[in-house]
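See structure below.
The values are calculated or read from the model by the stated rules, or taken from the named source; none is laboratory data. Keep in mind it's a predicted model, so treat the numbers as computed, not measured. Cβ placement follows ideal geometry from the backbone for every residue including glycine, while neighbour counts extend to all protein chains displayed. Accessible surface is based on the protein model in full, side chains and every heavy atom, while ligands, DNA and RNA are left aside. Shrake-Rupley method; radii C 1.70, N 1.55, O 1.52, S 1.80 Å.
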Amino acid sequence: MPSLQPPHDPLSGVVVVVLVDFLRQHRSWGWLRMVAGGAPYKQVPGLTTVKVMGSGHGGGFSLRPSPSHQGLICTFTHLDLALQFLDSPAVQAYRSRARECWTGVMAVQSARGHWDKQAWQTSSAQALGQHKGSDDSQSAPFAVLTRASIVPSKAMAFWRYAPAAQADLSLAPGCLLAMGLGEAPLVRQCTFSLWRDTGAMVQYAQQGAHQVASAAAYKHQFFSESLFVRMQVLQMAGVWQGQRFQLAHPSAPSGAALVGHPSVADTFVPEVSHV
């Protein structure tokens, strides 16, 4: 759906991501969410844009659609309003119908490109309130959002490169979570990934199938529009692909920020879930 903010105004604030794999008996409910798009969220306080997206088979980046995987990407004017949304009945409705669900709140550290003709800005101190980020943010888990509008006449050429790059992403050392998303089949694609550290992400981006795909996209001009966003994870919770993630509320003491670990700055290892 179109952004709630007027076109061309740069988006600022904080980002909320909800990833869900619906239980079989609730897949029809999830499909109705896709049909409704962003309409049910228009009155959510502080919401500036919302994208309700499907996914490929198994939550990957595939031509074969998944009947159960979905993603919700939102931006909010302020951290407090984003946290309020994650505790709302709207998000709880997803959690209660999910086999697995992951939620996160993130501050934008850097962004380049556009999404629906809108640039994204780094999160301001005003948007973050008392949580200004930490000095050890470079070693803490961080997230990357990439999206592209593919030129329709070049879609088939693009998709010759995509599966290999996605396969490398899911197996990349230091990649804690990855999901392929899409606003529209074939031509409006998005990837969300969570990383242990910068080095792991750079190593993936500059080697192997992803590097080949990136070079081809640049050479053949596959995209009419693209966006790359790096984000600091402020809070996350949930289970994804059998791994449990928990990063506490930003106002929690730093020593209790990561369940089962002394601090966010230390090596992050997701707990194995028995769900």
R188 meets each of (1) over 21 Å from V15 (Cβ atoms); (2) out of contact with any helix residue (DSSP H, G or I) (no Cβ under 7 Å at 6 or more places or on another chain) with one exception, condition (1)
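For residues that are without any contact (Cβ under 8 Å) to a residue 60 or more places away in the chain and either among the polar types (S, T, N, Q) or open to solvent by 50 Å² or more (accessible area, probe 1.4 Å) (or both), tally how many sit in segment 50-68.
Narrowing segment 50-68 to residues without any contact (Cβ under 8 Å) to a residue 60 or more places away in the chain: 50, 52, 57-58, 64, 66-68.
Add one more test, that the residue is either among the polar types (S, T, N, Q) or open to solvent by 50 Å² or more (accessible area, probe 1.4 Å) (or both), and what stays is 57, 64, 66-68.
Residues meeting the conditions: 5.
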L145 passes all but one of the listed conditions (1) in contact with a strand residue (DSSP E or B) (Cβ under 6 Å, 6 or more places away or on another chain); (2) at pLDDT below 80; (3) not in a helix (DSSP H, G or I); the exception is number (2)
Only one of (1) at pLDDT below 95; (2) part of a helix (DSSP H, G or I) does not apply to F61, and that is (2)
query = Is one or more of the residues making up segment 42-49 at pLDDT 85 or above, surrounded by 17 or more Cβ atoms within 10 Å (Cβ to Cβ) and over 23 Å from A127 (Cα atoms)?
reply = no
Result of the Cβ filter at 6 Å on segment 77-95, keeping first residues that are within 21 Å of A127 (Cβ to Cβ) and partners that are in a loop (DSSP other than H, G, I, E, B) and open to solvent by 50 Å² or more (accessible area, probe 1.4 Å), at least 6 apart or interchain, is L81/P45
Going through (1) touching a Leu at 6+ places or on another chain (Cβ under 7 Å); (2) under 23 Å from L11 (Cβ atoms); (3) at pLDDT 90 or above one by one, P250 fails only at (3)
Counting only strands (runs of 3 or more DSSP E) entirely within segment 171-243, those with at least 2 residues that are within 19 Å of P65 (Cα to Cα) are 175-184, 188-195
When segment 184-225 is checked residue by residue, the ones that are surrounded by 14 or more Cβ atoms within 10 Å (Cβ to Cβ), within 17 Å of the chain's Cα centre (by Cα) and polar (S, T, N, Q) are Q189, T191, S193
Here the residues within segment 166-183 that are among the hydrophobic types (A, V, I, L, M, F, W, C) and either modelled with pLDDT of 90 or more or open to solvent by 30 Å² or more (accessible area, probe 1.4 Å) (or both) are A167, L171, C175, L176, L177, A178, M179, L181
Flagged pairs (Cβ under 8 angstrom, 6 or more apart or on separate chains; first in segment 25-48, free of Cβ contacts under 8 Å to residues at least 24 places away in the same chain; second open to solvent by less than 40 Å² (accessible area, probe 1.4 Å) and not in a helix (DSSP H, G or I)) are A36/V52
When segment 6-41 is checked residue by residue, the ones that are open to solvent by 10 Å² or more (accessible area, probe 1.4 Å), part of a loop (DSSP other than H, G, I, E, B) and either at pLDDT 90 or above or of a type in the set (V, I, T) (or both) are L23, G37
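Considering only segment 150-165, state which residues are closer than 17 Å to G56 by Cβ and open to solvent by less than 30 Å² (accessible area, probe 1.4 Å). Spell out how you get there, then give the answer.
Here is the first cut: in segment 150-165, the ones closer than 17 Å to G56 by Cβ are 150, 155-156, 158-165.
I150, A155, F158, W159, A162, A165 - these are the residues of segment 150-165 that are closer than 17 Å to G56 by Cβ and open to solvent by less than 30 Å² (accessible area, probe 1.4 Å).
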